[in-house]
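The values are calculated or read from the model by the stated rules, or taken from the named source; none is laboratory data. This one's a predicted model, so the numbers in the text were calculated from it and none came from an experiment. Cβ atoms come from the backbone with ideal geometry, glycine included; neighbour counts cover every protein chain shown. Heavy atoms of the whole protein, side chains included, go into the accessibility calculation; ligands, DNA and RNA do not. Shrake-Rupley method; radii C 1.70, N 1.55, O 1.52, S 1.80 Å.
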Amino acid sequence: MKIIRAEPSLQYQFHDESFGLLEKILIKSRRERPDFNRRMFDEDFARIFHISNHHTDNLFDISSSDDKLTNRLFGNVRTQYEPYSIDETIREMIEDIAQSLLWFGEAHYFLRDDPSTEETHITGFSSESIFTLGRVCFQFLPKRYERHWRRDNKLLGRELRLLNRKKLMCFHLPKSIRRMLSSQNSILGSLDKYQHANMEFLPKVTYGNPNPHNDFNFLAWSETHDFALYQATRKTGWNGRKYDSEKRSDFFDCHRLIKFRRNQVVLRDHILAQLSDELTKVGKYYIPEFKIAVLPTKTLPSVKELDELESRLSREEAGFTEVMDFCFNK
């Protein structure tokens, strides 16, 4: 295995058949990715900003010691949809970070300088093979293929790339959310595993008995499944995308929605705090005294507002419509 000092590899392709024991230990297989309920939760929880926020100005308040460097950093952030304004860039970046945090527990970006244009690009890359030992951070690259148009693909050997920490931005899940998700995902994983197990209770059709009698109570199975789902998601407030149940009260739905939104806001604020710290750190690579802080404006919901809304709901001073409008439109 080759050990080098280099920038991280942003994209590489590999196949399971090229995996050795080391790759299986260090790289998360595609087969381990979340299924159904866990995948839906990750998608919903990472969607921190609503459509109403997409065309709203002044989502964030940015203060820095050098506006020129700030514009240089935010002007070339590479995100999924290539937004143009700084507000849109930060919004998209936060959701990209949240998606990575929910799966890997980490998110990483690297600063790349382009000498020809004198521009700096902040580019995200996969955290599935990033490891830290003390103050040393490295990326493990498994056996992978280098693709060519006019000749056969070349199989490259393993690499261990030592990364420059001064140009590396690292994000982590807050401990409170990590513990919450660990407990929830364990149960959701079991529900996903046995989601269609009820089909095994269908009696076999035979030539002698083409219409066998079935005593299995599928309604009870479904209700038990829903009860386990709601128990698992009690702390996060996720409703499992179940919007039409007649057995849930409006208060139950409102209380859950406020709790889910509050957890999203806690994650958003945690990412923003880390973003300020990480941008300050990498900015010092260019200007030693550089500082920056990125804060949400009053346009976005706060934990305090959600706590007050929940308190008013418990006193029957806030109704279903008000809670829905606040949680879905702010």
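Points worth noting:
- Per-residue HN-Hα couplings for region 104-109 [Karplus 6.51, -1.76, 1.60; θ = phi - 60°; Hz; x = Gly/Pro]: 8, x, 9, 9, 9, 10
- For log10 I(q)/I(0) by the Debye sum over Cα atoms at q = 0.07, 0.12, 0.14 Å⁻¹, calculated from these coordinates, the label among [x] -0.40, -0.99, -1.21; [y] -0.69, -1.36, -1.44; [z] -0.28, -0.88, -1.25: [x]
- Net length gained if the chain between residue 245 and residue 201 were fully extended (0.36 nm per residue, minus Cα distance): 13.3 nm
- Amide H to amide H, with H built 1.01 Å from N, residue 144 comes under 5 Å of 156, counting only residues 5 or more places away or on other chains.
- Considering only 106, 119, 92, the Gaussian network model of the chain with Cα springs below 10 Å gives its largest mean-square fluctuation to 119.
- Simple spin-label estimate for residue 320 and residue 151 gives 6.8 nm between the two label positions (7 Å along the Cα-to-Cβ direction from each Cα).
- Across region 185-190, computed HN-Hα scalar couplings (Karplus, 6.51 cos²θ - 1.76 cosθ + 1.60, θ = phi - 60°) run 5, 4, 6, 4, x, 5 Hz from first to last residue, x flagging Gly and Pro.
- Averaged per residue, the chain has 59 square angstrom of accessible surface, using a 1.4 angstrom probe with ligands and nucleic acids left out.
- Within a Gaussian network of the chain (alpha carbon springs, distance under 10 Å), most fluctuating of 210, 301, 174: 210
- Protein accessible area in the chain, 1.4 Å probe - carbon and sulfur %: 52
- Cβ-Cβ FRET estimate between residue 2 and residue 175, R0 fixed at 35 Å, reported to 0.05: 0.45
- Positive-end extreme of charge dipole, the chain - chosen from 98, 125, 63 (charges on Cβ): 125
- At full extension, residue 308 and residue 135 could sit 58.0 nm farther apart than now, given 0.36 nm per residue minus the alpha carbon distance.
- Per-residue ³J(HN,Hα) for region 144-161, Karplus 6.51 cos²θ - 1.76 cosθ + 1.60, θ = phi - 60°, Hz, x for Gly and Pro: 8, 9, 9, 8, 10, 6, 10, 8, 4, 5, 9, 7, 8, x, 5, 9, 10, 9
- Full-stretch length increase - residue 330, residue 194 - with 0.36 nm per residue and alpha-carbon distance subtracted: 45.3 nm
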